[in-house]
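S.K.: Sharing a structure with you now.
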């Protein structure tokens, strides 16, 4: 299995809702990433997990809460989001976040709409 | 701080014509450079990285440290090359990928 999978594909939520995005990989990668991508813009890094520990938080608002329950799974918990948080949320993984030469594999993304 | 610049937001060429997508970077150390491609309704995927010096789908890119550039080239563009192309940089010690703003390539028949 050489893919990163993400669920759900689409999510519509109100500003008072709590929801979660899920990302999974079975390539034995030890680094996992969350990105946010607005239309016609490049991905913006949000979080990096390395060996199940949070290693980078790009000053993301606390209404986004990442979780890495094990080396194959990455969640993003959402609470009290704003309409401007509507975007495509991408998950990626790589063999190791600290070593050069390892590419990041991206999932298809979850299209989030906040109403 | 590191920065990646792709000067062209949009690039349009005819099928069979050569194509060059420009990428310039600023970084004081020794970077790792990548080209990622995003076809319509598909996931972002790696096209090339400078370390491997390979040719993928007829595309090549050479790292020019003097000019701090990593331009993507293909001698004969095909319609299926139409996509959004992102140049990206990773620092020596980092896990962080810094992306350029992207170039939307359209290859016309």
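S.K.: Taking 8 Å as the Cα distance limit and 6 or more residues as the minimum spacing, I'd like the relative contact order of segment A:44-94 as a percentage.
M.R.: 23
S.K.: Can you sort A:16, A:110 by how many other beta carbons sit within 10 Å, fewest first?
M.R.: A:16, A:110
S.K.: Let me know the mean shielding of A:39-50 by other chains, meaning the per-residue number of their Cβ atoms within 10 Å of its Cβ. List each step's numbers first, then the result.
M.R.: Working: counts 0, 5, 5, 15, 8, 1, 5, 0, 0, 4, 1, 1.
What the average comes to for A:39-50 is 4.
S.K.: What is the order of B:96, B:3, fewest Cβ neighbours within 10 Å to most? Walk me through the numbers before you get to the answer.
M.R.: Working: B:96 17, B:3 11.
Exposure proxy ranking, most exposed first: B:3, B:96.
S.K.: Taking the Cα centre of each part, how many Å lie between segment A:44-80 and segment A:1-23?
M.R.: The two parts, judged by their Cα centres, are 13 Å apart.
S.K.: Here is a further query. Which percentage, to the nearest 5, of the DSSP beta bridges contained in chain A is antiparallel? Intermediate values should be presented prior to the final figure.
M.R.: Working: 38 of 42 bridges.
Percentage antiparallel, nearest 5: 90.
S.K.: Could I ask something else about it? Classify segment B:1-62 as rounded, prolate or oblate from the Cα gyration tensor: take a ≥ b ≥ c as the square roots of its eigenvalues, call it rounded if a/c is under 1.5, otherwise prolate when a/b beats b/c and oblate if not.
M.R.: Details: a/c = 1.62, a/b = 1.44, b/c = 1.12.
Judged from the Cα gyration tensor, segment B:1-62 comes out prolate (a/c at least 1.5, a/b above b/c).
S.K.: Determine the shielding of peptide A:58-64 by partner chains: average, over its residues, the number of Cβ atoms on other chains within 10 angstrom of each Cβ. Don't skip to the end; give the middle numbers.
M.R.: On the way: counts 1, 0, 0, 0, 0, 0, 0.
Neighbouring Cβ atoms belonging to other protein chains average 0 per residue here.
S.K.: Please say if the protein assembly as shown is rounded, prolate or oblate, where rounded means a/c under 1.5 for a ≥ b ≥ c the square roots of the C-alpha gyration tensor eigenvalues, and otherwise the choice is prolate for a/b larger than b/c and oblate otherwise? Intermediate results must be reported in sequence, preceding the final value.
M.R.: Values: a/c = 1.92, a/b = 1.48, b/c = 1.30.
Because a/c hits 1.5 or more and a/b exceeds b/c, the protein assembly as shown counts as prolate.
S.K.: Between residue A:41 and residue A:72, what is the spin-label point distance in nm, taking each point 7 Å from the Cα along the Cα→C-beta axis?
M.R.: Label-label distance for residue A:41 and residue A:72, simple model: 3.4 nm.
S.K.: Where does each of B:69, A:97 land when they are ranked from fewest to most other beta-carbon atoms within 10 angstrom? Can you show the working numbers first?
M.R.: Working: B:69 17, A:97 23.
Sorted ascending by nearby Cβ count, the order is B:69, A:97.
No value in this document is a laboratory result; all are computed from the given coordinates. A quick note: this is a predicted structure, and the numbers were derived from the prediction, not measured. Using ideal geometry, Cβ is built from the backbone for each residue, glycine included, and neighbour counts are taken over all protein chains shown.
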